[in-house]
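What follows is one structure encoded as structure tokens, with my remarks underneath.
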Amino acid sequence: MAQGSPDEIAPETASPVLARREGQVLIITLNRPEKRNAMNDPTVMEIGRIFAHLDADVAAVVITTSGVHFSAGLDLSELTVRDLPESIMHSRGWHRVFETIQFGRVPVIAALKGAVIGGGLELAAACHIRVAEPSAYYALPEGQRGIFVGGGGSVRLPRLIGVARMMDMMMTGRTYSAAEGQQMGITQYLVGEGEALDKAIELAKKVSGNAPMTNFALIHALPRIAEADPASGYILESLMASAASTAPEAQKRLRDFLEKRAGKIVPQD
Ligand code: 1HE
């Protein structure tokens, strides 16, 4: 796994993805600022490799990028060299990698800034929590380019913003600001300029402290329950709730509260 600081601006030859540890948090940095972090095959493959080989003590992941933009999306230069079968396999490759992010072992938090475009927005949508700076803006210029989303965007983005908004973005090239993105549910957090990475790391450390069964339930069960028919959803919920609450970690936490060793739930700043 490549090591490095997200502050480093890489020369063309550097690894397209850097990774470093901060305690139990793995910080992954897309590292092609000279191409505005456009995602080419080596970038996507390296993201997939990292997520497939997370060390056992990694409890959360943060995805950030070098330079001022999160990502300009798919590296468009690659689209000019693929035929139909290769193109289908390429899109399916993105699906596989983004599935390992969304349905992996640990929560993943994206720190967004500048352009969050096309495949960059698809990558962000595969993460569980999105934090944005005011410079962030969202676009799906596939319509202008004569193409279509291929990284799972048509599955994930309507669930975040609705079919109508996504259709408008792709048909008309409409962009949304960081404030609009926060209001419509693209992001859960909007912070000050230059603060997204710190906030993402702070949140990653917080979720690292959850019972593993709770994070498992949130990542794997909640999205499926939300899309199940209600009758199936209720039974899945009962099974998941029971698996969580009877686990030793939950039993310990419940005893801690009942015996006055755990904190109370109060409003946050
Ligand atoms: C790229 C890409 C790219 C930049 N593929 N090379 N995405 C787009 O349609 C977005 C296209 N990019 C832009 O609109 C702009 O580059 C930005 C607004 C993101 C940034 O602008 P700026 O002025 O800071 O940078 P730049 O000068 O436009 O770009 C710097 C270099 O990055 C330049 O290359 P250079 O060799 O001339 O230095 C650009 O060509 C290159 N570059 N973006 C390839 N995307 C799984 S399906 C997903 C489908 C999609 O993602 S469609 C959306 C594609």
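How about segment 25-52: which of its residues are aliphatic (A, V, I, L, M) and more than 11 Å from the ligand (Cβ to nearest atom)? Talk me through it step by step, then tell me what you get.
Here is the first cut: in segment 25-52, the residues aliphatic (A, V, I, L, M) are 25-28, 30, 38-39, 44-45, 47, 50, 52.
If the condition is that a residue be aliphatic (A, V, I, L, M) and more than 11 Å from the ligand (Cβ to nearest atom), then V25, L26, I27, I28, L30, M45, I47, I50, A52 are the ones that fit.
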Pair list, Cβ under 9 Å, 6 or more apart: segment 208-221 residue touching a residue at least 40 places away in the same chain (Cβ under 8 Å), other residue outside any loop (DSSP other than H, G, I, E, B) and among the β-branched types (V, I, T) = S208/V25; N215/V207; L218/V207; I219/V108
Exactly one condition in (1) among the aliphatic types (A, V, I, L, M); (2) touching a strand residue (DSSP E or B) at 6+ places or on another chain (Cβ under 9 Å); (3) surrounded by fewer than 17 Cβ atoms within 10 Å (Cβ to Cβ) is not met by L84; state its number.
-> (2)
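List the strands (runs of 3 or more DSSP E) inside segment 96-192, counting only whole elements, that have at least 3 residues being surrounded by fewer than 22 Cβ atoms within 10 Å (Cβ to Cβ) and away from the ligand (no atom under 15 Å from the Cβ).
On the way: elements: 108-112, 115-117, 129-132, 137-139.
Filter on segment 96-192 gives an empty set.
State all residues of segment 123-160 that are among the β-branched types (V, I, T) and under 14 Å from the mean Cα position of the chain (by Cα); if no residue qualifies, say none. Spell out how you get there, then give the answer.
Step one: filter segment 123-160 for residues among the β-branched types (V, I, T), giving 129, 131, 147, 149, 155.
Of everything in segment 123-160, those that are among the β-branched types (V, I, T) and under 14 Å from the mean Cα position of the chain (by Cα) turn out to be I129, V131.
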For residues in segment 193-243 being closer than 20 Å to I27 by Cα and of a type in the set (D, E), which is surrounded by the most Cβ atoms within 10 Å (Cβ to Cβ)?
-> E195
Report yes if some residue within segment 101-113 is among the polar types (S, T, N, Q) and under 25 Å from E34 (Cβ atoms); otherwise report no.
-> no
Could you give every pair whose Cβ atoms fall below 7 Å, whose first residue belongs to segment 100-111 and is among the hydroxyl-bearing types (S, T, Y), and whose second residue is in a helix (DSSP H, G or I), counting only separations of at least 6 or pairs across chains?
-> T100/G48; T100/F51; T100/A52
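I need the full set of residues from segment 53-75 which are surrounded by 14 or more Cβ atoms within 10 Å (Cβ to Cβ) and near the ligand (Cβ under 10 Å from one of its atoms), in order please. Even if it seems obvious, please write down each step before you answer.
In the first step, residues of segment 53-75 are kept if they are surrounded by 14 or more Cβ atoms within 10 Å (Cβ to Cβ); the result is 54, 58-67, 69-75.
The answer is G67, H69, F70, S71, A72, G73, L74, D75.
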Those residues of segment 210-239 which are part of a helix (DSSP H, G or I) and acidic (D, E) amount to E227, E237
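Just so you know, all these numbers are worked out from the coordinates, no wet-lab data involved. What you see is a predicted model, and the numbers here were worked out from it, not measured in a lab. Heads up, the Cβs are rebuilt from the backbone with ideal geometry, glycines too, and the neighbour counts pull from every protein chain shown.
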